[in-house]
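The values are calculated or read from the model by the stated rules, or taken from the named source; none is laboratory data. Just so you know, these numbers come straight off a predicted model, no measurement behind them. Counting neighbours? That spans all protein chains shown, and the Cβs are built from the backbone with ideal geometry, glycine included.
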Amino acid sequence: MKKRVIVCFIVCIATVISVTAQTAESYFTAGLEKAEKGLYKGALDDFTKAIELNPQYARAYSNRGNAKSALGDKEGAIADYTKAIEVNPQYAAAYYNRGLAKSDLGDKNGAISDYTKSIEFNPQDADAYFQRGYVKNDIRDTKGAIADYTKAIELNPQFAAAYSNLGNAKSELGDNKSAIADYTKAIEFNPQYAQAYYNRGFAKSALGDKEGAIFDYTKAIELNPQYAKACYNRGIDKSALGDKNGAIADFTKAIELNPQDAEAYSIRGIVKNDLGDKEGAVADYTKAIEFNPQYADAYLNRGVAKDDLGDKYGAIADYNKAIELNPQFAEAYYSRGNAKNDLGDNYGSIADYNRALELNSQYADAYSNRGIAKFNLGDNKGAIADFTKAIEVNPQYAEAYFNRAMMYGQQGKITLSCADLQKAKELGLKQAASMIEKHCK
């Protein structure tokens with residue numbers, strides 16, 4: 001009898017072990033099914049029960065990590081992936097997923113280490129190369145990113161996202177022609193890939209193919225009507241081609257899709273200003289500043305528009321703010337100098353032009369306008385020196401030739417004056433032709 005009891009006991013133990021193992025697996029399976037449906041909290045609970053029943057269940061730890069990650073608990077996810085790796089040190093997927101979580105938390109080097117480990121245990125995993133390339137690009141290792149994207153494509157020749165990101169990396173290195181070929185390949189494998197069209201448009205624009213860029217941005221918008229950046233960039237290229245109204249329509253759409261896009265308000269303001277709608281421009285710059293109070297360029301541009309509307313003091317206030325935000329802003333000093341000059345503050349304008357030239361010694365307009373301020377103060381010699389410097393920096397500067405001609409004329413240097421007037425005329429300044437008729441016969 002004792003022998004029969006022992007045998008029964010052994011059988012019972014085996015039965016208990018089998019039932020426990022099956023139960024852990026059943027919880028695990030239920031967790032997978034819930035996760036596939038997006039029910040991550042329920043999935044997490046099932047994976048936890050599976051782990052309670054089998055504390056060495058590496059796949060349950062890894063998948064619980066996935067559920068935690070989907071719920072935004074990246075630290076908790078990393079802890080689970082780490083436990084899965086402790087149980088199974090060759091668990092490539094756990095390294096991969098831990099890399100994703102680390103990358104999301106900003107630990108780029110840690111992510112690269114995990115992707116590298118994943119690749120070590122699964123050298124055919126194109127996704128791991130792709131993700132490692134993505135992170136390398138984030139840390140400015142562009143060449144390393146290109147190598148990883150290239151490997152991902154070698155392992156999966158139809159990997160559209162890898163082609164697109166490879167194009168991005170090449171574009172960052174200035175190889176836009178090759179980048180376009182990669183974007184085209186991405187589109188070939190995924191004709192619905194709006195971002196690839198957008199990226200190709202960006203590269204075409206960089207190469208000067210504005211029409212081609214507009215075509216691609218339009219296709220991106222067709223595929224994704226909510227693509228605000230595509231509307232914005234299409235507007236920029238339309239403006240560059242002279243279609244100002246079309247550009248405004250695109251910037252308006254970008255703002256509709258992203259109502260707090262300070263850049264879109266600012267660029268729409270620039271185009272409105274180009275069309276002579278100064279009030280509309282001021283309104284847009286004001287909106288840009290509302291959404292980005294540190295936007296020095298918007299203050300500068302609003303100042304220019306106010307200046308054009310005759311609000312010199314309002315313009316100076318905006319230039320002051322632009323300079324406060326960016327003390328190295330040569331154009332803001334230059335523009336403030338112009339406003340001061342218009343108000344008769346020649347000394348103040350010269351001080352601003354001086355500062356602009358300290359920041360940008362090749363600023364031809366600043367030399368020219370400083371010359372005018374010096375002339376206003378009776379410093380003809382200084383004025384001639386500034387006009388001469390402006391011409392040295394920009395030999396096509398018709399107005400500088402004309403202004404220097406006026407100085408020479410006042411000094412009785414008619415030959416020099418007429419030579420400058422002739423040069424200004426050749427460069428297209430109509431005023432010079434009439435002056436030649438009067439003074440150079």
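Scanning region 88-121 for residues that are farther than 13 Å from GLY65 by Cβ, among the hydrophobic types (A, V, I, L, M, F, W, C) and part of a helix (DSSP H, G or I) yields ALA92, ALA111, ILE112, ILE119, PHE121. So, of the residues in region 238-272 that are polar (S, T, N, Q) and part of a helix (DSSP H, G or I), which turns out to be surrounded by the fewest Cβ atoms within 10 Å (Cβ to Cβ)? Taking the candidates together, the pick is ASN245. Considering only residues in region 134-146 that are buried (at least 17 other Cβ atoms within 10 Å of the Cβ) and among the hydrophobic types (A, V, I, L, M, F, W, C), the one that is farthest from TYR115 (Cα to Cα) turns out to be ILE146.
Run down ALA356, ALA398, ALA339, ALA390 and say which single residue is under 28 Å from LYS306 (Cβ atoms), in contact with a Lys or Arg (Cβ under 7 Å, 6 or more places away or on another chain) and either hydrophobic (A, V, I, L, M, F, W, C) or modelled with pLDDT under 95 (or both). Residue meeting the stated conditions: ALA339. Under the condition of being in contact (Cβ under 8 Å) with a residue 24 or more places away in the chain and over 24 Å from the mean Cα position of the chain (by Cα), the residues counted in region 155-169 number 4. When the helices (runs of 4 or more DSSP H) confined to region 278-341 are screened for residues that are surrounded by fewer than 17 Cβ atoms within 10 Å (Cβ to Cβ), those reaching at least 2 such residues are found at 278-291, 312-325.
The residues listed here are ALA111, ALA101, ALA84; of these, the one that is closer than 18 Å to ALA145 by Cα, buried (at least 23 other Cβ atoms within 10 Å of the Cβ), of a type outside the set (D, E, K, R) and out of contact with any strand residue (DSSP E or B) (no Cβ under 7 Å at 6 or more places or on another chain) is ALA111. For region 58-72, a tally of residues being surrounded by fewer than 24 Cβ atoms within 10 Å (Cβ to Cβ) and farther than 20 Å from TYR115 by Cα returns 2. Could you check, for region 227-236, whether at least one of its residues is at pLDDT 95 or above, buried (at least 17 other Cβ atoms within 10 Å of the Cβ), touching a helix residue (DSSP H, G or I) at 6+ places or on another chain (Cβ under 6 Å) and not in a helix (DSSP H, G or I)? Within region 227-236 (the criterion being at pLDDT 95 or above, buried (at least 17 other Cβ atoms within 10 Å of the Cβ), touching a helix residue (DSSP H, G or I) at 6+ places or on another chain (Cβ under 6 Å) and not in a helix (DSSP H, G or I)), the answer is yes, since at least one residue qualifies.
What about GLU358, is it closer than 29 Å to MET435 by Cβ, assigned to a helix (DSSP H, G or I) and not small (Gly, Ala, Ser)? The answer is no for GLU358.
Of everything in region 374-394, what is of a type in the set (Val, Ile, Thr) and surrounded by fewer than 21 Cβ atoms within 10 Å (Cβ to Cβ)? Give them in sequence order. Result: THR388, VAL393. Within region 351-368, the set of residues being among the hydrophobic types (A, V, I, L, M, F, W, C) and crowded, with 23+ Cβ neighbours inside 10 Å comprises ALA356, ALA366.
The set of residues in region 395-432 being loosely packed, with under 15 Cβ neighbours inside 10 Å and either out of contact with any helix residue (DSSP H, G or I) (no Cβ under 8 Å at 6 or more places or on another chain) or part of a helix (DSSP H, G or I) (or both) consists of PRO395, GLN396, GLN410, GLY412, ILE414, THR415, GLU426, LYS430, GLN431.
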